Structure formats: C-alpha cells, structure tokens
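**Student:** Have a look at this one before I ask anything.
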C-alpha cells in the first residue's frame with residue numbers, strides 16, 4: 001500500500017458534496033472543469049441553480065452563482081503565484097462564456113483549500129498591505145489583490161464537529177479522529193452519501209496507514225466499524241494488484257516490441273491484460 005499514489009482530488013470533490021449535502025439539489029458540481037485545453041483546469045466548479053440561494057454553511061456562505069475551487073493536497077504548495085493563478089482561472093472562466101459578459105463578474109467567487117495555513121502567503125499579504133479577515137475558524141477572506149470575492153479555507157483549523165469530511169483529507173489524523181470518521185460513515189443511511197464517504201475514507205486510509213494498522217488491532221473497535229475499514233483496505237489492495245499487473249504487462253509488451261519480432265496481435269495473446277490497440281499505441285511512442 002505504501003507505493004499507491006493518493007488521489008486527493010476525488011476525495012475533495014466527495015467531501016465538498018457531503019459538506020454541502022443540505023443544498024445538493026440546488027448545486028451543480030463540475031469537477032476538473034476544463035477551461036480550454038489541459039492543463040488549464042479548475043479543480044471544482046460549483047454552480048448555484050438559484051443565484052439567490054443562501055448557504056448557511058460557513059464554507060459556502062461566500063458563494064455566488066459560479067464558484068471556482070482550487071484544492072491543494074498536503075504535499076502541494078500554496079504561495080502567491082498559486083493565489084494569482086487561481087484568480088486567473090476565475091478570469092478565464094468569466095471570459096469563456098458563450099456570449100459577451102454572459103458570466104457576470106459579480107457572480108463569481110474563488111476558494112482555495114489547503115489543510116495547513118500557508119504562512120509564507122500570509123506574510124506576503126501582510127508585507128504588501130493586502131487585508132485579510134478571519135470571520136470564523138479556518139476561513140480567511142482576502143479583501144484586496146483579487147478581482148472576485150476570495151477565501152482561503154484552512155481545513156486543519158475548521159471546527160471538527162461541523163466539517164468532518166474536509167478534515168478527513170489529511171495525512172496526520174489521530175486514532176480518535178479516524179475512529180470518529182468511521183462512526184460517522186457507519187451512521188450514513190443514503191446510498192449516495194455512503195459512496196461519497198467511501199471516496200473520502202479511501203484517501204484517509206491511504207494517507208494514514210499507521211493509524212489504520214493501530215485500529216485494526218484494537219479489540220475495542222466494534223465489528224461494524226472494522227468491516228467498513230477492512231472493506232476499503234481490501235478495495236485498495238485489489239486496485240494495487242491491478243496496477244502492478246498492468247505495469248508488468250506493459251513492461252513485457254515493450255520488451256517484445258523492442259525485439260521487433262512480434263505483431264501487436266501476437267503480443268496480445270501473450271499479455272492479454274493489454275488490448276491490441278493499447279499495444280499499438282505503445283509501439284507508436
């Protein structure tokens with residue numbers, strides 16, 4: 001499991017959907033919204049069906065009609081260039097409407113999400129006279145140097161009882177926090193919510209393997225919670241096995257192609273995990 005790459009962004013999209021579950025019927029989620037051609041891609045675009053909808057959740061309180069969200073995993077940096085890049089994405093999104101000024105400037109917001117407070121960025125704000133307010137724990141409004149209302153969400157500072165899902169996207173969870181996450185998932189009754197929660201849990205398990213192993217050996221854990229955790233661990237193991245097998249098949253196909261003695265069809269008979277077209281594509285590289 002240590003070699004599996006953690007896919008933080010799907011977990012983030014699922015967490016945001018769970019965070020704003022009370023407004024699910026009123027919001028449209030566009031993950032990895034393509035601005036033009038890659039890599040100009042918005043991590044998550046949330047569109048209100050009704051611009052006048054008021055969201056009480058402190059994360060969505062700033063939201064207007066079109067809301068650009070940039071997520072930074074624990075390994076990603078958040079500096080002044082990231083700040084301006086996200087603002088540029090919002091500007092491009094505004095400019096790429098089907099007609100002139102279709103997307104109004106006063107209908108856009110920007111949110112940048114990261115677990116740990118970016119101290120270097122906040123020093124830059126202070127040194128350059130950029131005003132920042134902190135209306136509630138973990139939420140910072142940037143009042144200057146931005147074309148659109150902009151907030152930085154520091155998930156590690158959010159209230160645990162109100163933001164279980166975003167706070168679970170961490171590689172520093174404590175044993176008690178992981179157990180509380182499992183209990184929260186166990187209490188979900190709707191199928192779609194459970195599927196979203198599984199995406200969050202998958203990230204948490206991959207990122208906090210030491211805690212997971214500790215919980216697996218905890219006799220006080222109830223059977224229901226252990227079954228949730230074991231199910232996710234087994235799914236991750238199956239995915240890892242598939243990835244390893246596919247890589248081995250690819251390596252073998254490449255060696256056979258380099259020998260220039262076999263056709264794509266002949267290689268496919270030997271490494272059936274790859275389609276003939278996939279093998280031909282390898283040969284074109």
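Nothing in this text is a laboratory measurement; each read-out follows from the coordinates by a stated rule. For clarity, every value in this text was computed on a predicted model and none was experimentally measured. All Cβ positions, even for glycine, are placed from backbone atoms using ideal geometry, and neighbour counts span all protein chains on display.
**Student:** Under a no-solvent Debye model with one identical scatterer per Cα of the range 41-132, what's log10 I(q)/I(0) at q = 0.13, 0.15, 0.26 Å⁻¹?
**Tutor:** For the requested q values the scattering log ratios are -0.50, -0.66, -1.35.
**Student:** May I pose another question? Can you tell me the orientation of helix 191-207 relative to the chain, as the angle in degrees between its alpha-carbon axis and the longest Cα principal axis, to the nearest 10?
**Tutor:** Roughly 80 degrees, rounded to the nearest 10.
**Student:** OK, next. If R0 is 22 Å, what FRET efficiency do you get for residue 194 and residue 218 from their C-beta distance, rounded to 0.05?
**Tutor:** After rounding, the FRET efficiency stands at 0.45.
**Student:** Also, I was wondering about something else. How big is the convex hull of the Cα atoms of the range 135-199, per residue, in Å³?
**Tutor:** Here the figure is 123 Å³ per residue.
**Student:** Still on this model: Give me log10 I(q)/I(0) at q = 0.10, 0.12, 0.15, 0.20 Å⁻¹ for the range 135-285, Debye formula, one equal scatterer per alpha-carbon, no solvent.
**Tutor:** -0.60, -0.73, -0.83, -1.11
**Student:** Further question: Over the chain, what is the relative contact order in whole percent, taking alpha-carbon pairs under 8 Å and six or more residues apart?
**Tutor:** Averaging sequence separation for qualifying contacts and normalising by length gives 16 percent for the chain.
**Student:** I need 83, 262 ordered by Cβ neighbour count within 10 Å, fewest first.
**Tutor:** 262, 83
**Student:** According to a simple spin-label model (label point 7 Å from Cα along Cα-to-Cβ), what is the distance in nm between residue 21 and residue 75?
**Tutor:** Here the answer is 3.0 nm between the modelled labels.
**Student:** Quick one: which of 21-27, 276-282 comes out on top by average Cβ neighbours within 10 Å, and what's the full order, highest first?
**Tutor:** Ranked from most to least packed, the peptides come out as 276-282, 21-27.
**Student:** In addition: Rounded to whole Å, give me the distance from the Cα center of the range 116-173 to that of the range 93-109.
**Tutor:** The two parts, judged by their Cα centres, are 25 Å apart.
**Student:** By how many degrees, between 0 and 90 and to the nearest 10, does the Cα long axis of helix 175-186 differ from the longest principal axis of the chain?
**Tutor:** 90 degrees
**Student:** If you don't mind, there's one more thing I want to ask. May I ask you to work out the translational diffusion coefficient for the range 24-182 at 20 °C, viscosity 1.002 mPa s, via Stokes-Einstein with Rh from the Kirkwood sum over Cα pairs, reported in whole µm²/s?
**Tutor:** 129 µm²/s
**Student:** On to the next question. As I understand it, the value is the acute angle between the Cα axis of helix 80-95 and the longest principal axis of the Cα atoms of the chain; what does it come to in degrees, rounded to 10?
**Tutor:** 90 degrees
**Student:** Taking the DSSP beta bridges in the chain as the whole, what percent of them are antiparallel, to the nearest 5?
**Tutor:** Antiparallel: roughly 60 percent of the beta bridges in the chain.
**Student:** Right, something else. Write down, largest first, the equivalent ellipsoid semi-axes of the chain in whole Å, where each equals the square root of 5 times an eigenvalue of the alpha-carbon gyration tensor.
**Tutor:** 37, 28, 18
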